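The values are calculated or read from the model by the stated rules, or taken from the named source; none is laboratory data. Keep in mind that this is a model prediction, so the values were computed, not measured. All Cβ positions, even for glycine, are placed from backbone atoms using ideal geometry, and neighbour counts span all protein chains on display.
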Amino acid sequence: MRDNLTAALTARLRRAQRDGDPAALLESQALEEANHLLGFLATPAGPDPLDPQVQYLVGCVLLGRSTAPPSQDQRSDELVGLRLLLPLYWNQPDMLPETVRAALASALPNSGRPPEGTSTTVAYAASRVELATLLVDRLVRFGDVAAGRSAILVLRAAVHDLPAGHRLRPTALHGLGFVLMASAEREAGPRAGLAVPITDEAISSLREAMDTTAPDDPLHAHAAHGIALALRGRALSTDDLGPLAETIDLLRTAVGAAPDLDGALASMLADLGTTLILWLTSTEDAAGPATDERWAAADEAVTALRRSIGLTPREAPETPRRLLGLAAALQARHLLRADPDGVQEAIAVLILAASAVPDGSTDREAIMDMVGDAMLLLPYDALAGVDPEVRAGFEYIDGLMSSALGAALSGDDGPAGGLAPFLRVIGLAGAPEHGPGSQGSHVGTMRAVAELLNHRGEAGLIEAVGILSGWLADRVLRLPPQARADAIERYLAGDEESSGDEALFGPVDLTDVEELLVVIEGIRAQIPADHPERPFVALGHGLLRLVRLGATEVPREDRLAGSVELAAILRDLTESVMPAVQEQMGLSTADLEAVLALSTAAGLPFDDVARLERLVREGRQRLAHTAEDSPEQHDVLRSLASALFQHYFLFQDEASYQEALGHARRLVPLLVSADPALRVLLMLWTSAVAFHAGPVNLGMQAGETDTPESSTARLASTSAVSALVRGDVPTALETLEEGRARLLSGAIDTRRELGSLRRADPRLATRFIQVRERVRAGRTQLQDFAMAPPEGIERFRGLVQEWRALIAELNELPGYERFMLPLPLGLPDLLPAAAEGPVVTINVHGRRCDALVLSVDGVRGVALPRLRAADIVQQAEVFHEAIAIVAEGGDGPLARQASDVITDTLGWLWDVLAEPVLAALGLTGPPEEGALWPRLWWSPTGALTRLPLHAAGQHGQAGRSVLDRVVSSYTPTLRALMYSRAHRISSPRTVLVVAMPETPGHPPLRQSVQEARAFDGAAGLTRLVGSKATRAAVGAALPGAAIAHFACHAGSNPADPYASHLLLQDGALDLGAIARFELDGAELAYLSACGTARGGARLADEAVHAASAFQLAGYAQSVATLWEIGDEVAAMAATAFYRELSGRGSGEPGDRLPAARALHEVTRRLRESMPDRPWAWASLVHAGA
């Protein structure tokens, strides 16, 4: 493009010179060409940071345009033209035609000679200072990084060449400091916010500019402003806030020196106000008694921000941010000395800020949350000045919380009446971030009322309700606005129409709730009022009453009475029970929330579940050998029931819940004791019963027996069917995404957030990891806290306090307000998963089965009427029995029959699933010769996870198989696929090979040595064979390996998938040990071992196998097996795979290895060479990116 533009402008100049007429330069196209060519002015990597040819051509064109009749545009063109040409005039005059030199000389003083007492070098440097303003403008307006770099080089040279006292030296120093700061901000990115590390050079340049200008010089004010911003950015990026005091003084200087008409004054005032607020919140004893100095600072911040807003146009992009600053200053001043009028102003300012951002944006939601928090600062007598409708809502909810409901529930017309029917949900589910009855529920309620400030009508009301009601309101929130209004109107009228879900979601069974209420009421009758366990018993009692109330159908005429009962329960929990519980535990509400968040963030999913499985297994064994009704039996029953309840919380499996209930019932007579361990059991029992009666248990159809899936996965599947019946395919996909592989997804969310934090703020990330590792070392969970010794409790409290402080600091970072509290992913969040090919999620349900096909254009459903859940279970069982038979070898009738079963199963999968899906995608045959094979990701659910979808086909018929149409990969969830794609690609790629030709107690794998030789000659190779392949050696080598190849035995038990492992020289490398790694640059794990991609028959949707453990550890791709394939075939496949991979090359630097394509080609060749042995080539799968 540069050459084309150069040629075009050269031709124009020649035409103008030839004709003696500037007409060719005055055309609008000429100005466009000049502006485009100006983008090539900066050449920071060249011998000169500026391209002289661009200077000449653009400068001559613009100067030539100024010869036309004068106008504002022509004057601007002349100024820019002079700035471009004068450096050439002083430094490369021979480059300019005589006519141009003469024109420039006439425009300069002294007839074009340097000013008296200066040299040509100084004149050249001065002219480059003027030219640098063009480069700075391009950096600021267009983000032109090259222009910024060239500006730095030009201004550094100018500062070097301009003598002290030269009038443009302060301008050069100020410009250099400014562009260094602007470049640092652009490099840090928007997430850095104000915390931008600024270089010493920027600060020293600005200081010299300030020191060498008079106080009344506008440049003095601008330099002071720049120094202040640089010091503030450095203070926030280093967590050393000492320089804030100097920053404030400099900003005061800048504000005092800037003239009223200075366009930067509004920015200076805003920066002064926000920095004063920073100083207030960071100084010691910030929550202590107000001092005159602190109140004066808050008042000064308010004044500065008011002035700034007065100087800022309403439509300016800075307006919302400055309004938020003023609101924060007003609230800070109120906290120092009560100022209700200031709080009301803050609310009004926040509403104004919300109106300045797009409706429905996350920024708007965050601002309305701030409105709710500000309302909590208002005393009740200050409500007179608030909008009457809002005041009614405020008083209504306060009346509910204090049980004064008589006047508050006067009707259904206002916002308060609209909220009334949903307030049961607050007690049942709590606000999204807080538990029932906590202060957080009250805050959430106030935020909902605050939402009404900017949303009128029923649709806005539903938006407010969404803050409170979580899952239950989510279905309503997805409706179009008019449908939302209709839904709430039907509810209030008491004539709700059937949703059509009754056949899918059975009635709530409150039997267990009623039983436990009787147990708890019996305990309450037996223990005195001052008994240390009484608050915990009262908590369980209140929670169960809330559950019972929330699950009971309330006739319209009884809704007022139901709301009164709800208010009484909430009041008791909030004002009496929870404070007593917290006093017993020595933890505040915020501490309790921190405990729960800390437990989640510090969790190791594979380790934690393996520990629970071990506790359950050992507990059952011990129970069989203990004397009836003995203290030892009581201890075993208590620990086993607790472990089973925890297992139920993780997976919602009905069997664990029922077994735990049976054990807990046997301990009822002992629950009146003060034993903390029994208190923990009662808390777990209460929570499990409440959870079991809630929405998550409604996924089981009436009369349906328990299935291997967790009821969470079952509920997700049922909800997806309900959405598909309504034609809402996006909701079906979103529901399945949140209901599957929950432990893996939670761990992925945590690691994704931590990875983002590492890039944004390595210091905070390091602190986070240190706290997390200390928690992991202690393995202290909330349920263990009640039984910990005093020193353990104090140590844990210290960790909680440190965690709270850390999260509070993290939440101040832009984009990290919900750190470790990820929101569910919606369709827009999921679409990037399909960037490289469609992802097919298959929902398996007793009512119907469907494929949900995600592409970059959206998601669509493909009904699979011939695929039935019962058939899948049966086919999977028979298929794996056949696999076990052929794995034993032999060529008898039984083996031949087993081979036929495998072939038939692959054909059945093709007929009922694969072919309809591929046809819907337009993939009706192999790609054209030489064309790139399309890619497709399979994401099956339920028993379908045990079958090889990638190998489905009528393999005796040309082109009628998945292998003949697409390159297949697998992913447990869309979230997991996006996580894999986000990994950094290593360069160069290092290799770790682990081979175990002999393993004690297992058949030899002699061909594993051949697999290890596949890497002979590879750079950065670490080879651990036989006795060298220990757990310690592998653990030390993995962090440096971009490619890891394991040729060894593996253990995978479908009945206990969490016990899966790889067998090394000195024992098992289990899933927990693998998943604990957090590797950077890990790209491919090839697991040439038995069943490394085989999950469990139980809890199939949790994706528990070695391949997923390596994915969590950081490997973007894996090649694994669904079943045993034999030593010889494994070695043949691995050798061919790496040969194919090497032949394909790795593409451009940063490209991922084409592992899926290489495996696809190898599998097709194996099929061709072994058409009668499909079990040998259908086992290999590719997972991940």
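Things to note:
- Within segment 124-138, residues that are part of a helix (DSSP H, G or I) reach partners that are modelled with pLDDT of 85 or more and among the basic types (Lys, Arg) with beta carbons closer than 7 Å, at six or more positions or on different chains, in the pairs 130/83; 131/83; 134/83.
- Meets criteria (closer than 28 Å to residue 1140 by Cα and either without any contact (Cβ under 8 Å) to a residue 24 or more places away in the chain or touching a strand residue (DSSP E or B) at 6+ places or on another chain (Cβ under 6 Å) (or both)) for residue 1031: no
- All helices (runs of 4 or more DSSP H) inside segment 268-360 with 2 or more residues being at pLDDT 90 or above and under 18 Å from residue 248 (Cβ atoms): 292-311, 319-336
- Selection within segment 1009-1045 - buried (at least 18 other Cβ atoms within 10 Å of the Cβ), assigned to a helix (DSSP H, G or I) and at pLDDT 90 or above: 1033, 1034, 1037, 1038
- Residue within segment 661-671 that is surrounded by fewer than 19 Cβ atoms within 10 Å (Cβ to Cβ), over 25 Å from residue 531 (Cβ atoms) and at pLDDT 80 or above present: yes
- Segment 855-870 - residue that is charged (D, E, K, R) and in contact (Cβ under 8 Å) with a residue 40 or more places away in the chain and, of those, surrounded by the most Cβ atoms within 10 Å (Cβ to Cβ): 860
- In segment 161-188, residue nearest to residue 125 (Cα to Cα) [restricted to those that are in a helix (DSSP H, G or I) and charged (D, E, K, R)]: 161
- For residue 910, the test of being touching a helix residue (DSSP H, G or I) at 6+ places or on another chain (Cβ under 7 Å) and either within 28 Å of residue 1185 (Cβ to Cβ) or assigned by TED's automatic domain parsing to the domain that holds residue 1176 (or both) is failed.
- So residue 27, is it surrounded by fewer than 16 Cβ atoms within 10 Å (Cβ to Cβ) and modelled with pLDDT of 85 or more: yes
- If the condition is being of a type in the set (A, V, I, L, M) and not in a loop (DSSP other than H, G, I, E, B), then segment 1046-1056 contributes 1047, 1050.
- Test: residue in segment 823-841 that is of a type in the set (A, V, I, L, M), out of contact with any Lys or Arg (no Cβ under 8 Å at 6 or more places or on another chain) and modelled with pLDDT under 85: yes
- Residues that are in a helix (DSSP H, G or I) and in contact with a helix residue (DSSP H, G or I) (Cβ under 6 Å, 6 or more places away or on another chain), drawn from segment 1162-1182: 1162, 1163, 1164, 1166, 1167, 1174, 1175, 1176, 1177
- Qualifying residue in segment 1088-1101 (condition: assigned to a helix (DSSP H, G or I), of a type in the set (Val, Ile, Thr) and either within 19 Å of residue 1160 (Cα to Cα) or at pLDDT 90 or above (or both)): no
- Residue that is modelled with the lowest pLDDT, among those in segment 244-262 that are surrounded by fewer than 14 Cβ atoms within 10 Å (Cβ to Cβ) and among the aliphatic types (A, V, I, L, M): 261
- Selection of segment 823-854 for residues being small (Gly, Ala, Ser) and surrounded by 23 or more Cβ atoms within 10 Å (Cβ to Cβ) yields 833, 851.
- Residue count for segment 857-875, restricted to those that are part of a loop (DSSP other than H, G, I, E, B) and modelled with pLDDT of 90 or more: 5
- Among all positions in segment 234-243, there is at least one residue which is crowded, with 21+ Cβ neighbours inside 10 Å, at pLDDT below 90 and among the hydrophobic types (A, V, I, L, M, F, W, C).
- The lone exception for residue 575 - which of (1) of a type outside the set (Ser, Thr, Tyr); (2) closer than 25 Å to residue 668 by Cβ; (3) modelled with pLDDT of 70 or more it fails: (2)
- Residue in segment 1098-1107 that is closer than 17 Å to residue 994 by Cα and surrounded by fewer than 21 Cβ atoms within 10 Å (Cβ to Cβ) present: no
- Filtered by the rule that a residue be surrounded by fewer than 23 Cβ atoms within 10 Å (Cβ to Cβ), within 15 Å of residue 7 (Cβ to Cβ) and not hydroxyl-bearing (Ser, Thr, Tyr), segment 52-69 gives 53, 54.
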